[in-house]
């Protein structure tokens, strides 16, 4: 019989033999399954990374807490050992009770964790004690039976082990009603192999933590002393709590007592986002390498541009902050868009108080309308800002006024559009105040110089006035003599009346002469407001010629005045210019006050200036025939307070130059031939327009 072969299982048909719809579905399933597997792998990797990162961070936090607690225990041990050494030092030199209490008081002042130190004899009777000044106690803690028994046990253990021994903790009530946990240490006093007494020091456990551990605690940590059953004796810390708490405990073993230092730390949920982001970037960087290669170059260019832009902005910001010049930007509608710190310091307002306003608070109320109208005209484009600047008055936040110089220019953006105005401000208040002070000082110096000149001319005035006064007296006597017959009831003759009329006329002329001399001095000394008005050259000389001729007559100088015909008036301050003419003339005559100089002629000339003829200037010259000016003196001739005369003040020529320059003119000097010096200055001609 022939066996029949078992039929085989039909083989899976190849992918090419499947229909097209099934083939597409199978290919899509394979692709999506690969993407799903990749996503599952990525997700599992991310979940694993998150879990590992959380475990790692929790382990790091716990490790840090363990190290902190160990360090805290070490700090407390070192402090306790240091305190034992200080307690032993109290007995150095066999001190008496007063010295011992003084030493103990100093130690309690330095070590806040100690609240009481006692010196007891071998029977534990109290010999001396000292208490801390930082923690007052309402009553003597040694009166409590529990304390005495704990002290006795600690000292008995200290005598047995011949070393320091610590008691168990106990609760000590305080006057404030709170109280604190205390612990005592008993230190035997040994000498010659025998016990001579004990030193008992009391610790406040809360102060121990506060002084020895709390300075190194973080805001999220809490430290406490606990007993073996977990009862907390003292607690310090925990300023800020988080969502997770970590705990570390360290055994604090002391002779006679054992405490547990517990440190709790609160920490937020593990910040795993940076770790996940790093893992995600690492995982996807394989697929994004080709994209990164293209983006790296663009990213470098962008970073370079941003860096350059940041440096430029930082440079501009630093430059604007370092300026003492105020800067203000306004948009096209007049609203303030930017102010720098210098401008804020200038007006006293902050940036937030100024930005966005179209009517600034630093405008004075009396000028607000004027400034608003000027701003509207400028914003309308009908007025270009002056490039040379203009002055304006601002009001600080405290109400004080300041004068500023304003320079404004159009603000053009990168597209060439006019978007507003940029202005710079200079505080010129002090400068204007200094200029006013300088003007006032110069005016006072001018008055002082005029008074000094009058003082020097006092003797000349007395001599000059003696002549008209003597003539008046003589003519008056003659007139009285002519009137003699009238007293005898006889009518005067016609000849006597004619002589009497001549005498009276001579008296009037001499009185008028004396009055002119006195009036010229009075007008010269009188201080007037500084104002400029047109004046002729002849009028200027007429005011000072009587004073010039007084000194010229005394020293034998002949005065020659030459004024060109048809000269226009000058625009000047008459008092100041008369002072200049008088000073120059007096200096010229003093240079000829030498017996060897002949002849002595003072030439005063006025003519049109050769230069600046278009504008119109007159040139005044004062020439002498003196010995001239040496070169070393000429270099410092116009320096204030420099003079070659013992009685001089050194202000005359300096003030003369100042007055001439204030009028826009020039004062100079030159040698005269054959000898002497010529001083020349110019003044502007008065223009009708």
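For this structure, a couple of remarks:
- Among residues of region 588-643 being at pLDDT 80 or above and touching a helix residue (DSSP H, G or I) at 6+ places or on another chain (Cβ under 6 Å), the one that is nearest to residue 555 (Cα to Cα) is 593.
- Residue, modelled with the highest pLDDT, within region 320-372, restricted to residues that are surrounded by fewer than 15 Cβ atoms within 10 Å (Cβ to Cβ), part of a loop (DSSP other than H, G, I, E, B) and within 15 Å of the chain's Cα centre (by Cα): 324
- So residue 233, is it closer than 24 Å to residue 112 by Cα, in a strand (DSSP E or B) and modelled with pLDDT under 90: yes
- Flag if residue 199 is in contact (Cβ under 8 Å) with a residue 60 or more places away in the chain, farther than 27 Å from residue 262 by Cα, crowded, with 22+ Cβ neighbours inside 10 Å and in contact with a strand residue (DSSP E or B) (Cβ under 6 Å, 6 or more places away or on another chain): yes
- Boolean, residue 417 is at pLDDT 80 or above, surrounded by 15 or more Cβ atoms within 10 Å (Cβ to Cβ) and either within 20 Å of residue 328 (Cβ to Cβ) or over 30 Å from the mean Cα position of the chain (by Cα) (or both): no
- Test: residue 409 is modelled with pLDDT under 85, touching a strand residue (DSSP E or B) at 6+ places or on another chain (Cβ under 8 Å), part of a helix (DSSP H, G or I) and closer than 25 Å to residue 321 by Cα: no
Results for (1) touching a strand residue (DSSP E or B) at 6+ places or on another chain (Cβ under 9 Å); (2) surrounded by fewer than 15 Cβ atoms within 10 Å (Cβ to Cβ); (3) not in a loop (DSSP other than H, G, I, E, B), shown as yes or no for each residue.
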residue	(1), (2), (3)
151	yes, no, yes
155	yes, no, yes
160	no, yes, yes
171	yes, yes, yes
178	no, yes, no
181	yes, no, yes
185	yes, no, yes
190	yes, yes, yes
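- Within region 399-423, residues that are without any contact (Cβ under 8 Å) to a residue 60 or more places away in the chain reach partners that are part of a strand (DSSP E or B) and surrounded by fewer than 13 Cβ atoms within 10 Å (Cβ to Cβ) with beta carbons closer than 8 Å, at six or more positions or on different chains, in the pairs 403/391; 405/390; 405/391; 406/390; 406/391; 410/418; 412/418.
- Pair list, Cβ < 6 Å and 6+ apart or interchain, from region 584-612 residues that are under 21 Å from residue 683 (Cα atoms) to residues that are exposed (fewer than 14 other Cβ atoms within 10 Å of the Cβ): 603/560; 605/562; 607/564
- Meets criteria (over 18 Å from residue 254 (Cα atoms), assigned by TED's automatic domain parsing to the domain that holds residue 90 and in a strand (DSSP E or B)) for residue 200: no
- Leading residue by the ranking (surrounded by the fewest Cβ atoms within 10 Å (Cβ to Cβ)) among those in region 564-579 that are more than 46 Å from the chain's Cα centre (by Cα) and part of a strand (DSSP E or B): 571
- Applying the condition of being closer than 20 Å to residue 625 by Cβ and out of contact with any strand residue (DSSP E or B) (no Cβ under 8 Å at 6 or more places or on another chain) to region 545-558 and asking which residue is modelled with the lowest pLDDT yields 550.
The values are calculated or read from the model by the stated rules, or taken from the named source; none is laboratory data. Only a predicted model underlies this, so the values are computations on that prediction, with no experimental measurement involved. All Cβ positions, even for glycine, are placed from backbone atoms using ideal geometry, and neighbour counts span all protein chains on display.
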